[in-house]
């Protein structure tokens with residue numbers, strides 16, 4: 001005759017009536033919370049794998065491994081469990097990446113006749129379409145401006161109710177509305193300045209009023225802060241980050257006159273400093289896009305939208321040196337429809353090539369180079385396939401006319 005009892009560890013123990021000792025039969029009703037010994041038998045706490053990011057490694061090692069995961073895979077990590085979701089939402093993983101010098105560059109762009117934004121890693125050629133921005137019809141069909149800081153992509157434009165900003169968060173692979181600028185605007189200068197994004201100038205709230213107001217965006221608090229006013233009012237201007245300073249360059253003032261000057265914001269002095277004739281010789285801003293400028297290795301480069309020449313800024317004598325012709329047709333529409341950006345230590349240019357124009361049927365092309373201010377020519381290399389193909393859409397091509405482009409380094 002067999003007997004049965006439960007011990008203090010919620011195990012069912014059976015006596016078969018034979019000379020053998022009691023036999024343990026484990027039941028799954030409750031997990032053990034400590035390791036104990038009972039007689040000659042050892043009861044070991046089961047491994048709770050959901051308590052570790054990468055079982056059986058410690059969280060410290062697991063986080064270092066996850067920090068090296070490709071940025072475009074972060075949305076997949078959010079769906080693993082709630083702990084992974086909380087990790088990505090907390091920005092902790094991005095802080096670990098920064099602390100350990102782990103960086104990856106992504107290029108976001110929106111081209112003509114495309115309802116979706118693209119994102120591409122120019123080093124690996126991995127690319128995808130991100131979820132469609134859930135704005136109204138007015139925003140989708142109006143002029144937009146974009147900038148990026150950390151893992152946020154900000155897109156500014158006009159909805160029926162007024163100027164708004166939509167924020168794409170890479171980790172969540174999702175769009176969120178806001179936060180709007182303190183002084184909403186369009187046609188402004190902007191730049192990613194490390195931990196913050198800066199904007200300056202433009203037309204206030206879509207009105208004809210040319211502004212000299214500036215603001216700073218904090219991605220951690222998702223908020224804007226006013227900066228001192230610029231010396232000059234300007235619209236159709238461009239921004240960059242050089243010498244650890246935010247520059248606003250060129251544009252048109254409130255009198256409708258072209259501006260060849262630039263100015264930079266000195267964080268330590270909390271004031272703006274004017275740089276006369278910084279972009280002297282630029283064509284009228286009424287007939288061209290804002291200056292196509294980018295900073296690589298702390299050197300400023302300008303893609304002239306009239307001559308299609310790439311130039312480097314000589315800081316000592318406030319002048320420009322011609323480095324050679326760009327492989328993209330920037331002078332096709334006087335700068336409109338072309339993306340010219342910095343990848344940190346390299347330059348990237350996107351649009352249609354000299355051979356593609358004027359057929360208009362070729363896909364968008366991308367070229368990169370490691371610029372050398374002392375060189376007389378630059379060696380451009382083509383990125384990716386012969387032409388960038390749309391993912392899963394009958395192998396058709398994105399338009400070669402770029403509406404918006406922003407570079408994310410995280």
Name the residue, out of 235, 216, 244, that is under 22 Å from residue 293 (Cα atoms) and crowded, with 23+ Cβ neighbours inside 10 Å. 235
Has the range 136-146 got any residue that is part of a loop (DSSP other than H, G, I, E, B) and under 12 Å from the mean Cα position of the chain (by Cα)? no
Restricting to the range 187-206, what's the tally of residues that are more than 14 Å from residue 239 (Cβ to Cβ) and in contact (Cβ under 8 Å) with a residue 40 or more places away in the chain? 3
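With respect to residue 153, is the statement that it is at pLDDT 90 or above, crowded, with 16+ Cβ neighbours inside 10 Å, in a strand (DSSP E or B) and in contact with a strand residue (DSSP E or B) (Cβ under 8 Å, 6 or more places away or on another chain) true?
Details: at pLDDT 90 or above: yes; crowded, with 16+ Cβ neighbours inside 10 Å: yes; in a strand (DSSP E or B): yes; in contact with a strand residue (DSSP E or B) (Cβ under 8 Å, 6 or more places away or on another chain): yes.
Here the answer is yes, as residue 153 does meet what is asked.
Each row is one residue, and each column tells you yes or no for (1) in contact with a strand residue (DSSP E or B) (Cβ under 6 Å, 6 or more places away or on another chain); (2) modelled with pLDDT under 95; (3) surrounded by fewer than 24 Cβ atoms within 10 Å (Cβ to Cβ).
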position	(1), (2), (3)
165	yes, no, yes
168	yes, no, no
172	no, yes, yes
176	yes, no, yes
182	yes, no, yes
189	yes, no, no
194	no, yes, yes
199	yes, no, no
205	yes, yes, yes
Just the residues that are under 25 Å from the mean Cα position of the chain (by Cα) and touching a residue at least 12 places away in the same chain (Cβ under 8 Å), please, taken from the range 207-224. 213, 214, 215, 216, 217, 218, 219, 220, 222, 223, 224
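The values are calculated or read from the model by the stated rules, or taken from the named source; none is laboratory data. Note that the coordinates shown come from a computational prediction; the quantities given were computed from them, not determined experimentally. Neighbour counts are summed over all protein chains in view; Cβ atoms, including those assigned to glycine, are modelled from backbone coordinates with ideal geometry.
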